Amino acid sequence: MSARPHDGMHPRHWALVYDDADRFAAGVGAFVREGVDRGERVLAALTREKAAWLREELGEDREMVEFADAGELYARPGPMLTAVVEYLRRHAAPGRGRVRVVAEQALATRAPADTRAYLRYEAASNVVYQRFAASVLCPYDAHLLPDAVVEDALRTHPEVLDATGPRRSDAFLDPRDFIRGRERVEAAPPGAPVQELERLEDIPVARRLAGEYAGAAGLSRATIEDMLVAVSEVATNALVHGQAPRCMWIYLRHDALVCHVHDGGPGLPDPLLGYLPPDSGVHEGRGLWLAHHFCDIVEVAADRSGTHVYLRMRL
């Protein structure tokens, strides 16, 4: 199996759908070996089990591969994409050669909200890769993952790598369309503590409410401090860019603490805001981008009532 990446800056982003160890080893092994043979830098971010499969498949060629722990890389999707971008800037920017990346986390062990967040980042990464000479392969375990997740893998990758080689994914969606299509509005539960956000003076009050609730829920001091940075950024966005009425609810849902900020505005002008590193000197999207880095998950959705931003911290 040969991926045959184009030369130069042309980026490639594949999904590899497999259902057993042999299929994983054959597909990923061929992808990595071709990179080694071409003199490309290769990074494999995998779980320990999958890294062991790949090392066995590669034999002596494994010494030419840099391995990273997927558990550490994928702890939060915001810092994950930033780390990947920094790696590509060092090794795959114009004039610096070409790299290959194999990236798979243990999605089958993650909560549905984590999986949704990861797939949104898979979509957004197609925009990021345009600046780099990178070939990225993302394996998906069809034996463990729900069919809906595998189908979304085909929607977020322009190409599929299978036994016959690379092919275009007929299911691929424009990244913005995919993210818009995955918006999900969830109402705050009845009786959830709420704080109005109509003046800048309301933000410290909202932070105090969130901090007290998070402490009672058992979150660590460091986690609470991260969450409060995100609350400040998103509440400020609601005041500066949103419309009345504005408020923040805080509640527990699905083993996570949720700070739910709402305003009456129409939603984000670009669904990629917050996912991509903001351009220097451009303020728009910077607050959301920070929130993505300080929270485990950030979800943005809109309905007739306005815009909803969900800041989730795992318990």
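Bear in mind that the values in this text are calculations on the coordinates, not laboratory data. Since this is a predicted model, take the numbers as computed values, not measurements. Cβ atoms come from the backbone with ideal geometry, glycine included; neighbour counts cover every protein chain shown.
Taking amide H as placed 1.01 Å from N in the peptide plane, the amide H of residue 137 sits under 5 Å from that of 14, 101, 102, 103, each at least 5 places away or on another chain. Judged by the gyration tensor of its Cα atoms, with axes a ≥ b ≥ c, region 20-103 is oblate; a/c meets the 1.5 cut and b/c is at least as large as a/b. Label positions at residue 270 and residue 187, each projected 7 Å from the Cα along the C-beta direction, are separated by 3.5 nm. Across region 12-180, the mean sequence separation of Cα contacts (distance under 8 Å, 6 or more residues apart), normalised by length, yields a relative contact order of 33 percent. Cα centroids of region 188-222 and region 105-139: 31 Å apart.
Going by neighbour counts of Cβ atoms within 10 Å, the residues 102, 229 line up, fewest first, as 229, 102. For residue 297, nonlocal amide neighbours, meaning residues 5 or more places apart or on other chains whose placed amide H falls under 5 Å from its own, are 312. Sequentially through region 141-154, phi angles give Karplus couplings (6.51, -1.76, 1.60; θ = phi - 60°) of 8, 5, 6, 9, 8, x, 4, 4, 5, 5, 5, 6, 4, 6 Hz, Gly and Pro residues having no value and appearing as x. For region 46-58, 3J(HN,Hα) computed residue by residue from phi via the Karplus equation (6.51, -1.76, 1.60; θ = phi - 60°) reads 9, 5, 4, 5, 5, 4, 5, 4, 5, 4, 5, 5, 7 Hz, glycine and proline entered as x. Take the alpha-carbon centre of region 247-315, take the same for region 8-76, and report the distance between them in whole Å. Measuring centre to centre over Cα atoms gives 33 Å. Couplings 3J(HN,Hα) of region 74-81, computed from phi: 9, 4, 9, x, x, x, 4, 5 Hz, in residue order, whole Hz [Karplus 6.51 cos²θ - 1.76 cosθ + 1.60, θ = phi - 60°; x for Gly and Pro]. Amide H contacts of residue 265 (H built 1.01 Å from N, in plane; Pro and chain starts excluded): 243, 307 sit under 5 Å, all sequence-distant by 5 or more or on other chains.
If r is the Cβ-Cβ distance from residue 221 to residue 72 and R0 is 22 Å, what FRET efficiency results, to the nearest 0.05? With a Förster radius of 22 Å, E is 0.55. Rounded, prolate or oblate for region 210-249? Axes are the square roots of the Cα gyration tensor eigenvalues, ordered a ≥ b ≥ c, and the cut-off for rounded is a/c under 1.5. Oblate shape, in that a/c is at least 1.5 and b/c is the bigger or equal ratio.
Once you charge only the Cβ atoms, +1 for Lys and Arg and -1 for Asp and Glu, what is the size of the charge dipole of the chain about its Cα centre, to the nearest 20 debye?
Values: 37 positive and 47 negative charges, 109 e Å.
In total the dipole reaches around 520 debye.
Can you work out the FRET efficiency for the pair residue 49 and residue 254, with r the C-beta to C-beta distance and R0 = 22 Å, to the nearest 0.05? The pair residue 49/residue 254 has a calculated efficiency of 0.25.
At 7 Å along the Cα-to-beta-carbon direction for both residue 150 and residue 177, put a label point, then send me their distance in nm to one decimal. It works out to 2.4 nm between the two label points.
Name the shape class, rounded, prolate or oblate, that the alpha-carbon gyration tensor gives for region 12-180, where a ≥ b ≥ c are the square roots of its eigenvalues, rounded holds for a/c under 1.5, and otherwise prolate holds if a/b is larger than b/c and oblate otherwise. Walk me through the numbers on the way to the answer.
On the way: a/c = 1.38, a/b = 1.14, b/c = 1.21.
Rounded, because the longest to shortest axis ratio a/c is under 1.5.
Note on residue 303 and residue 162: the model spin-label points, each 7 Å out from Cα along the C-beta direction, lie 3.8 nm apart. Going from the residue with the fewest nearby Cβ atoms within 10 Å to the one with the most, 196, 34, 299 rank 196, 34, 299.
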